[in-house]
């Protein structure tokens with residue numbers, strides 16, 4: 001790989017207490033075989049587990065390749081978008097590839113394949129591929145959720161705008177995108193900004209394709225930022241993201257996803273009988289959005305009062321709730 005010229009690809013890697021996994025991640029970078037130069041932009045968010053020492057080790061070994069930032073205070077906990085604040089503005093590449101420090105690439109030609117496609121197809125803004133999922137706790141690998149897209153032997157599948165949220169074929173460790181199709185100012189329109197906002201922003205300007213090649217591993221472990229968030233909090237965040245997206249664009253399929261997230265949050269509250277005031281607010285939000293007349297809240301109250309564990313009526317109400325919602 002060339003390293004003494006202006007990079008064509010900027011690899012952006014976010015690190016926070018990834019020391020046990022970081023060498024595997026970095027080796028996936030340096031093994032890439034390309035006919036173009038790349039740069040590796042590493043952002044360490046004030047790790048305390050020895051991650052910074054590993055970054056310095058690789059920077060010393062590959063001084064023209066690795067370009068680190070070491071934070072003294074954790075930026076993520078302050079609500080700062082690390083990628084849009086520190087990584088993307090300094091990226092020199094025409095294309096940006098993503099991989100967090102606890103994931104890793106397995107195909108030495110991953111970057112070359114993605115660049116070749118984007119160079120030949122200027123109307124595409126995003127290219128992704130399949131991945132394996134590794135559970136650190138059980139030491140087991142599993143397939144991703146995309147197998148059905150390639151059952152007929154296709155090597156690639158273009159994901160249309162209306163399929164984007166339903167399929168989710170662009171996990172960050174698999175993605176490369178065209179920097180010119182990403183509006184970095186897009187972040188200012190949102191209070192809750194995540195990968196889905198960024199990828200949707202790019203999709204507004206270009207097309208998305210997913211390759212059948214399995215070229216990366218997504219690692220699930222107890223120290224993962226997302227895995228440490230309680231399930232109800234995850235659902236709340238998903239709802240807030242989709243609510244903002246719909247309120248900004250008012251696109252019909254975004255409304256469908258917004259409704260789905262509302263229903264998903266309500267179902268969870270019904271199952272676990274928690275936070276009834278919040279459930280009532282969500283129900284009213286759903287009713288206003290769908291313009292429906294039935295008073296679902298009455299059924300919720302019946303379930304709360306009668307209960308689903310002691311009386312058959314409670315169980316019937318629970319089943320009816322799930323069917324309606």
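The values are calculated or read from the model by the stated rules, or taken from the named source; none is laboratory data. No experiment lies behind these values; they were computed from the predicted model shown. Reconstructed Cβ throughout: ideal geometry from the backbone, glycine too, with neighbour counts over all protein chains shown.
Could you identify the single residue in 67, 61 that is within 14 Å of residue 41 (Cβ to Cβ) and modelled with pLDDT of 95 or more? Before the answer, list the steps.
Working: 61 fails: within 14 Å of residue 41 (Cβ to Cβ).
None of the other options fit; the residue is 67.
Can you name the helices (runs of 4 or more DSSP H) wholly within the stretch 181-274 that have at least 1 residues being at pLDDT below 90 and out of contact with any helix residue (DSSP H, G or I) (no Cβ under 6 Å at 6 or more places or on another chain)? Talk me through it step by step, then tell me what you get.
Values: elements: 195-203, 231-249, 252-272.
Per the criteria, 231-249, 252-272.
Is there a residue being under 22 Å from residue 88 (Cα atoms) and in contact with a strand residue (DSSP E or B) (Cβ under 6 Å, 6 or more places away or on another chain) anywhere in the stretch 193-205? Yes, the stretch 193-205 contains at least one residue that is under 22 Å from residue 88 (Cα atoms) and in contact with a strand residue (DSSP E or B) (Cβ under 6 Å, 6 or more places away or on another chain).
One line per residue, one yes/no per condition, for (1) under 15 Å from the mean Cα position of the chain (by Cα); (2) buried (at least 20 other Cβ atoms within 10 Å of the Cβ):
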position: 160; (1), (2): no, no
position: 167; (1), (2): yes, no
position: 172; (1), (2): yes, no
position: 179; (1), (2): no, no
position: 187; (1), (2): no, no
position: 196; (1), (2): yes, no
position: 236; (1), (2): no, no
position: 241; (1), (2): yes, yes
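Identify, from the list 175, 187, the residue that is in the same structural domain as residue 96 (by TED's automatic domain parsing) and under 17 Å from residue 102 (Cβ atoms). Result of the check over 175, 187: 175. Suppose the filter is in a loop (DSSP other than H, G, I, E, B) and either touching a residue at least 12 places away in the same chain (Cβ under 8 Å) or crowded, with 19+ Cβ neighbours inside 10 Å (or both); does residue 108 pass it? Yes, satisfied.
Condition check: at pLDDT below 80, within 30 Å of residue 186 (Cα to Cα) and touching a helix residue (DSSP H, G or I) at 6+ places or on another chain (Cβ under 8 Å). Does residue 290 satisfy that?
Details: at pLDDT below 80: yes; within 30 Å of residue 186 (Cα to Cα): yes; touching a helix residue (DSSP H, G or I) at 6+ places or on another chain (Cβ under 8 Å): yes.
Considered against the rule, which asks whether it is at pLDDT below 80, within 30 Å of residue 186 (Cα to Cα) and touching a helix residue (DSSP H, G or I) at 6+ places or on another chain (Cβ under 8 Å), residue 290 comes out as yes.
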